[in-house]
Amino acid sequence: MVKFLIIRFSSIGDIVLTTPVVRCLKNQVEGAEIHYLTKKAFAPVLAHNPYIDKLHLLEESLSKTIDELKQEEFDYIIDLHHNLRTTIVKNKLRLLSFSFRKLNFEKWLMVHLKINRLPDIHIVDRYLETTRLFEINNDYEGLDYFIAPSDEVDLKDLPQTHQNGYIGFVIGAKHNTKKLPHEKITNIVRKLDLPVILLGGKDDKAEADMIEAECGKLCYNACGKYNLGQSASLVKQAKVIITHDTGLMHIAAAFKQKIISVWGNTIPEFGMFPYQPHPDSKIIETKGLKCRPCSKIGYQSCPKKHFKCMNCIDDAYIATLATRLFIV
């Protein structure tokens, strides 16, 4: 038996992006036992993953978590987060470890000097580089997301207008500069003239209520009404997904969905674009802006005040594209 501890503390999307490492280690290393350490808030992302033998949740006391991990007698650590906290864990466990390279300097060059030294490689493949010693090969099966049977949403429970097919529109994002303005979203939904389900968390509900009120009965607000697994089920059953750079975007990629991903202040070149989605998927962005990317993560508002990266997005094109993908 070879016992691995994989570490990734955040976020939903990042954890979904680590699932090929989990699967490939489990399937390609004889006798592999896979343990995964993450925060309690992200346990639902991994709770039903059959390739994980045991899930460890970060305690408020890091020392308590480390004491519990010591009892497991791991052979190796795969650090897919690589921050101060994971460094402490590695130092305390005193095991051979392999750490993900974060490219912070390359991202700084791109954000501040617009010098592109970023490797032309997806973050998933950079995660997989940490397993090189074990001669792991990318199986090209993409991302994994496993939904609990109790979280599978029966389409018969949706409004009748949405039971025979819908477009999922993920309206939220952690930072406002990664989101389309409210007017752009409502314009797209109106132009679609197709059943649309608005997807997001409780923080998105107020805006989604307004969009639903403005767009009529073909627009159904699911934000805050479903847990993560149920939202994933709605993503899985959609005919098309329109989304910002979010965790649900990566969950959509896990289901090989047709994804229209819309990018604001961040760029796909950072390596976190949809990984092996449906081949008809499309990335939408405003190219040629001297101020973009303005951050490797995002802001609450545009530093330049014009928000051209999103305001210049052609909402009519998105609606036309989504309609075509819905019909095909």
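Taken together, the values in this text are just the output of simple stated rules run on the coordinates, not laboratory data. Just so you know, these numbers come straight off a predicted model, no measurement behind them. Here the Cβ is made from the backbone with ideal geometry for all residues, glycine too, and neighbour counts use every protein chain on show.
Can you tell me which residues in segment 262-309 are aliphatic (A, V, I, L, M) and touching a Pro at 6+ places or on another chain (Cβ under 6 Å)?
Initially, segment 262-309 is screened for residues aliphatic (A, V, I, L, M), giving 262, 267, 272, 283-284, 289, 297.
Correct list: Ile267, Ile283.
Filter segment 267-281 down to residues that are surrounded by fewer than 18 Cβ atoms within 10 Å (Cβ to Cβ) and either farther than 17 Å from Arg117 by Cβ or touching a His at 6+ places or on another chain (Cβ under 9 Å) (or both), then give me how many there are. Break it down into steps so the answer makes sense when it comes.
Filtering segment 267-281 down to residues surrounded by fewer than 18 Cβ atoms within 10 Å (Cβ to Cβ) leaves 268-269, 276, 278-280.
Add one more test, that the residue is either farther than 17 Å from Arg117 by Cβ or touching a His at 6+ places or on another chain (Cβ under 9 Å) (or both), and what stays is 276, 278-280.
Counting residues in segment 267-281 that are surrounded by fewer than 18 Cβ atoms within 10 Å (Cβ to Cβ) and either farther than 17 Å from Arg117 by Cβ or touching a His at 6+ places or on another chain (Cβ under 9 Å) (or both) gives 4.
Can you pull out every residue in segment 213-229 that is under 19 Å from Phe326 (Cβ atoms) and touching a strand residue (DSSP E or B) at 6+ places or on another chain (Cβ under 8 Å)? Give the derivation first.
Filtering segment 213-229 for residues under 19 Å from Phe326 (Cβ atoms) gives 215-220, 222.
Across segment 213-229, the qualifying residues are Cys215, Leu218, Cys219, Tyr220, Ala222.
Determine which member of the set Ile88, Ile136 is more than 19 Å from Asp245 (Cα to Cα) and more than 24 Å from the chain's Cα centre (by Cα).
Working: Ile136 fails: more than 24 Å from the chain's Cα centre (by Cα).
Selected residue: Ile88, the only one of Ile88, Ile136 that is more than 19 Å from Asp245 (Cα to Cα) and more than 24 Å from the chain's Cα centre (by Cα).
Within segment 143-169, work out how many residues are more than 30 Å from Val21 (Cα to Cα) and surrounded by 20 or more Cβ atoms within 10 Å (Cβ to Cβ).
Initial filter on segment 143-169 (more than 30 Å from Val21 (Cα to Cα)): 154-167.
Remaining after also requiring surrounded by 20 or more Cβ atoms within 10 Å (Cβ to Cβ): 162, 166-167.
Number of matching residues: 3.
When Phe273 is evaluated against the numbered criteria (1) of a type outside the set (Asp, Glu); (2) out of contact with any helix residue (DSSP H, G or I) (no Cβ under 8 Å at 6 or more places or on another chain); (3) without any contact (Cβ under 8 Å) to a residue 60 or more places away in the chain, which criterion, by number, is the only one it fails?
Of (1) of a type outside the set (Asp, Glu); (2) out of contact with any helix residue (DSSP H, G or I) (no Cβ under 8 Å at 6 or more places or on another chain); (3) without any contact (Cβ under 8 Å) to a residue 60 or more places away in the chain, only one is false for Phe273: (3).
Collect the residues in segment 210-229 that are of a type outside the set (A, V, I, L, M, F, W, C) and under 24 Å from the mean Cα position of the chain (by Cα), keeping them in residue-number order. Before you say what the answer is, go through the steps one by one.
Of the residues in segment 210-229, the ones of a type outside the set (A, V, I, L, M, F, W, C) are 212, 214, 216-217, 220-221, 224-227, 229.
Those that are of a type outside the set (A, V, I, L, M, F, W, C) and under 24 Å from the mean Cα position of the chain (by Cα): Tyr220, Asn221, Gly224, Lys225, Tyr226, Asn227, Gly229.
If I ask for residues that are more than 20 Å from Met110 (Cα to Cα) and of a type outside the set (D, E, K, R), which ones from segment 263-295 would you list? Before the answer, list the steps.
As a first pass, look at segment 263-295 and keep what is more than 20 Å from Met110 (Cα to Cα): 274-282.
Across segment 263-295, the qualifying residues are Pro274, Tyr275, Gln276, Pro277, His278, Pro279, Ser281.
Go through segment 195-226 residue by residue and tally those that are more than 12 Å from Leu248 (Cβ to Cβ) and small (Gly, Ala, Ser). Full working, then the answer.
First, the residues of segment 195-226 that are more than 12 Å from Leu248 (Cβ to Cβ): 195-196, 202-203, 205-221, 224-225.
Narrowing the set further to residues that are small (Gly, Ala, Ser) leaves 206, 208, 213, 216, 224.
Final tally of qualifying residues: 5.
If we scan segment 102-116, do we find a residue that is assigned to a loop (DSSP other than H, G, I, E, B), within 13 Å of Gly271 (Cβ to Cβ) and either small (Gly, Ala, Ser) or touching a His at 6+ places or on another chain (Cβ under 8 Å) (or both)? Explain how you work it out, then say what you get.
Taking segment 102-116 and keeping what is assigned to a loop (DSSP other than H, G, I, E, B), we get 102-103, 114-116.
Keeping just the survivors that are within 13 Å of Gly271 (Cβ to Cβ) gives 102-103, 116.
From the residues that got through so far, the ones that are either small (Gly, Ala, Ser) or touching a His at 6+ places or on another chain (Cβ under 8 Å) (or both) too are 102.
The answer is yes, given that some residue of segment 102-116 is assigned to a loop (DSSP other than H, G, I, E, B), within 13 Å of Gly271 (Cβ to Cβ) and either small (Gly, Ala, Ser) or touching a His at 6+ places or on another chain (Cβ under 8 Å) (or both).
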